[in-house]
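For reference, the structure is listed below as structure tokens.
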Amino acid sequence: MKIDSWLLIHKSYGKDNVLKQVGTVKDYTSPSSGFNIGIAEEDEFYYIVYSAGGKTEYVTNPEELKKFIGKADDVQEAAVLAAADGYIIDEEFKDMAGNYSEDKSNYYLDLGKLTSRECPYQKKHYTLTVNKVSGTITEVKDNGAYIELYNKKCTNNPRLLKIEKKKNPKMTLKRNPQDRADNIYETERLILRPMSLEDADFILDLYNRPKFIQFIGDRNLKTVADAGDYIKNRFLPQFERLGYGNYLMITKEGNHKIGGVGIFEREGLDVVDIGFSLLDEFEGKGYAYEAALKIKSVGMNDFGLIKISAITTKDNFSSQKLIEKLGLRFRKYVTIPNDPEELMYYETE
């Protein structure tokens, strides 16, 4: 079958978002169901519509997806085939196989997979060997379970069990915040620890990267001393006051400082917001999502936050995708003090 053109579409709450496009497909009807990856959110799925021989066809389930891809001709197609077998791809098909390596014969993909369909959903980590010639998975290495996931329908969700009605979303559980200001958290690949004065060199580098200045802003840090003062005056007081703040991302493999992630009190916002930034060379590997998901969980489960918000610029599409993947929904456009740019404002449901 010769396919003339096709679209990969993410449908959420009745709205279609074209993620990938090859050619033009005209006069198609959005289907009422499709395929999903991992734990499906309510009213959300993916589908492919394609044109072949003058006819419009649809891919709405994993078996159709396998037939549509056929033999994997590149690493992204190999990742899609793995997804059809239940493996989880991050970033909504963007940078699908961000964690992979290859040699002359094979691709080696690091992907997660749900191994329990009851709450909590257990996620395990695998390394798949995909043969470049046949496009088939020839070996599956089980790297062990590393996360338990809950969604809103889980009656045993610890977040729901802990939540008490509060008037102010910024309020936290009545514990001494200083007791947890030095807490260190772990994910599958990262150590997350509170920013400290010893990170001044790193902050100077990160905050002067072109992407940081473009999408977040120029903090006017010119020297290591400037960065140290910024940490001392901005990061440390919030940890002392609230117990949470800005955390340094450190890779377990190689012990590299790669970015920052945190929950912040921000002037002009009524709800604390989650933010993240990453060195360019570590983008596209799922680190920001992995860290932000953990810190969001810490804020809600450990500190009792009822709501978390996020802001980003209109042209920062990767940030928008990540924020939505964290479960926040776009609410409105806002401006904050000392920044004339109109920003997109998201909030947990």
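The values are calculated or read from the model by the stated rules, or taken from the named source; none is laboratory data. Predicted, not measured: the structure shown is a model, and the values here were computed from it. Please note: Cβ atoms are built from the backbone with ideal geometry, for glycine as well, and neighbour counts cover all protein chains shown.
Worth a mention:
- Single match in Ser12, Ser30 (criterion: outside the structural domain of Ala83 (by TED's automatic domain parsing), modelled with pLDDT of 85 or more and either buried (at least 16 other Cβ atoms within 10 Å of the Cβ) or touching a strand residue (DSSP E or B) at 6+ places or on another chain (Cβ under 6 Å) (or both)): Ser30
- Some residue of region 280-289 being in the same structural domain as Arg209 (by TED's automatic domain parsing), under 20 Å from Tyr207 (Cβ atoms) and part of a strand (DSSP E or B): no
- Test: residue in region 342-349 that is touching a strand residue (DSSP E or B) at 6+ places or on another chain (Cβ under 6 Å) and of a type in the set (Phe, Trp, Tyr): yes
- Single match in Leu19, Leu65 (criterion: in contact (Cβ under 8 Å) with a residue 40 or more places away in the chain and either of a type in the set (A, V, I, L, M, F, W, C) or assigned to a loop (DSSP other than H, G, I, E, B) (or both)): Leu19
- Qualifying residue in region 330-346 (condition: assigned to a helix (DSSP H, G or I) and either at pLDDT 90 or above or not assigned by TED's automatic domain parsing to the domain that holds Ile274 (or both)): no
- Just one of the listed residues (Ile258, Ile311, Ile263) is within 30 Å of Leu109 (Cα to Cα) and assigned to a strand (DSSP E or B), and it is Ile258.
- Which numbered condition Val49 misses (of (1) more than 22 Å from Gly135 (Cβ to Cβ); (2) buried (at least 19 other Cβ atoms within 10 Å of the Cβ); (3) modelled with pLDDT under 90): (3)
- Just one of the listed residues (Lys166, Lys71, Lys113, Lys104) is modelled with pLDDT under 80 and farther than 29 Å from Val298 by Cβ, namely Lys71.
- The residue that is surrounded by the fewest Cβ atoms within 10 Å (Cβ to Cβ), counting only those in region 260-283 that are within 17 Å of the chain's Cα centre (by Cα) and among the aromatic types (Phe, Trp, Tyr), is Phe282.
- Gly38 vs. criteria at positive phi, buried (at least 16 other Cβ atoms within 10 Å of the Cβ) and at pLDDT below 80: yes
- Members of region 202-214 that are part of a helix (DSSP H, G or I) and under 14 Å from Leu279 (Cβ atoms): Phe202, Ile203, Leu204, Asp205, Leu206, Pro210, Lys211, Phe212, Ile213
- Test for Glu240: is it among the acidic types (Asp, Glu), over 24 Å from the mean Cα position of the chain (by Cα) and under 27 Å from Ile306 (Cβ atoms): yes
- Top-ranked residue in region 234-259 [being over 18 Å from Leu278 (Cβ atoms) and exposed (fewer than 13 other Cβ atoms within 10 Å of the Cβ); ranked as modelled with the lowest pLDDT]: Glu240
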